[in-house]
Amino acid sequence: MSGLVRLRLDLGYDGTGFHGWAVQPGLRTVAGVLVDALGTVLRTPAEEVLAATVVAGRTDAGVHASGQVAHVDVDPGALAGAGGGDGIRRRLRGLLPADVRVVAVAPAPTGFDARFSALRRHYRYRVCDDPSGVDPLRRHDTLAHPRLLDEARMDAAAGRLLGLHDFAAFCRRREGATTTRTLLRYTWARDADGTVVARVSADAFCHSMVRALVGALLPVGDGRRDVTWPQEVLRGRVRDPAVGVVAAHGLTLVGVDYPPDEDLAARASEARARR
């Protein structure tokens, strides 16, 4: 990164109209529209911006974010010409579509890596079990479930999955990638509007892991499975066809935690060695 300035970007998006974060030829993606807009602001080819951009968590098609974090390495001259971080943020507002918003742009601390410096990622999954269906204004971020749910049973079952485990039973395997993760939080509670909400936090997540964890708890909540069943699936370390991977639209990345500035580089080095 010699001679370049690393910027931290905090952003949110409605994932409904996107085929996920990562750029894919011929498809509308969050990274695609973001790097196009950044390229315009920085007067830099979009492909160069893309190569210099790293995100905390690659979200799948249809998944939303209110607390996504990315970094991009930029030329100091291009940064100055765009009016600095605040100038970039203001100009992005006029270039980005309505379903993406960059809320902050600022120089990143030394050692910061949006992906590898992260300590924890936090997700929320919303489920509506109201017999009348989902509130029309929340239909894009809430799953409709046809049976009534017992959130206390779901919360009890979720608590049995916490800790450091091999989550192969809840992940799509990738060649050479580990499926061992530390699940720091997994709770279920009913919000004031009656929606049943999962809150899930981990050091990192495998592909489709959160949606599979939710899929394993819904049959517990509606009485089709025992409270101990998700833990039995976890111990099996193989994908169970009885565990459904729920729809993407109920899932939102709500936050990413980082260590103090002086620990950023060490955290990134540690995470790279494990992943």
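Screening ALA202, ALA192, ALA216 for residues that are small (Gly, Ala, Ser), modelled with pLDDT of 90 or more and touching a helix residue (DSSP H, G or I) at 6+ places or on another chain (Cβ under 7 Å) leaves exactly one candidate, ALA216. Can you tell me which residue within the stretch 34-52, out of those that are of a type in the set (Val, Ile, Thr) and surrounded by fewer than 20 Cβ atoms within 10 Å (Cβ to Cβ), is nearest to LEU92 (Cα to Cα)? Within the stretch 34-52, the match that is nearest to LEU92 (Cα to Cα) is THR40. Every test in (1) over 19 Å from VAL245 (Cα atoms); (2) surrounded by fewer than 15 Cβ atoms within 10 Å (Cβ to Cβ) is passed by ARG160 save one, and that test is (2).
Please determine, by comparing only the residues of the stretch 15-33 that are out of contact with any His (no Cβ under 8 Å at 6 or more places or on another chain) and among the hydrophobic types (A, V, I, L, M, F, W, C), which one is surrounded by the fewest Cβ atoms within 10 Å (Cβ to Cβ).
ALA22
Show me the strands (runs of 3 or more DSSP E) entirely contained within the stretch 1-112 in which 3 or more residues are in contact with a Phe, Trp or Tyr (Cβ under 7 Å, 6 or more places away or on another chain) and more than 28 Å from ASP261 (Cβ to Cβ).
Passing ranges: none, list empty.
Per the listing GLY12, GLY94, the residue uniquely surrounded by 15 or more Cβ atoms within 10 Å (Cβ to Cβ) and not acidic (Asp, Glu) is GLY12. As for the stretch 55-73, it holds no residue that is β-branched (Val, Ile, Thr) and more than 23 Å from ALA204 (Cα to Cα). The residues on offer are ASP166, ASP150, ASP193, and the sole one that is without any contact (Cβ under 8 Å) to a residue 60 or more places away in the chain and surrounded by fewer than 19 Cβ atoms within 10 Å (Cβ to Cβ) is ASP193. The single condition among (1) more than 28 Å from ALA61 (Cβ to Cβ); (2) out of contact with any helix residue (DSSP H, G or I) (no Cβ under 7 Å at 6 or more places or on another chain) that SER208 does not meet is (1).
Scanning the stretch 37-55 for residues that are out of contact with any Gly (no Cβ under 7 Å at 6 or more places or on another chain) and either touching a residue at least 40 places away in the same chain (Cβ under 8 Å) or of a type in the set (Gly, Ala, Ser) (or both) yields ALA37, LEU38, GLY39, THR40, VAL41, LEU42, ALA51, ALA52, VAL54, VAL55.
Looking at this structure, is LEU183 in a strand (DSSP E or B), buried (at least 21 other Cβ atoms within 10 Å of the Cβ) and under 15 Å from the mean Cα position of the chain (by Cα)? Considered against the rule, which asks whether it is in a strand (DSSP E or B), buried (at least 21 other Cβ atoms within 10 Å of the Cβ) and under 15 Å from the mean Cα position of the chain (by Cα), LEU183 comes out as yes.
Give the residue, chosen from ARG153, ARG90, ARG124, ARG101, that is closer than 30 Å to ALA204 by Cβ, among the charged types (D, E, K, R), at pLDDT 95 or above and over 22 Å from the mean Cα position of the chain (by Cα). Only one candidate passes the filter, namely ARG153.
Of the residues making up the stretch 118-162, those that are within 15 Å of GLU232 (Cα to Cα) and either touching a helix residue (DSSP H, G or I) at 6+ places or on another chain (Cβ under 8 Å) or not in a helix (DSSP H, G or I) (or both) number 6.
The values are calculated or read from the model by the stated rules, or taken from the named source; none is laboratory data. Predicted, not measured: the structure shown is a model, and the values here were computed from it. Quick reminder, even Gly has a Cβ in these numbers, built from the backbone with ideal geometry, and neighbours come from all protein chains shown.
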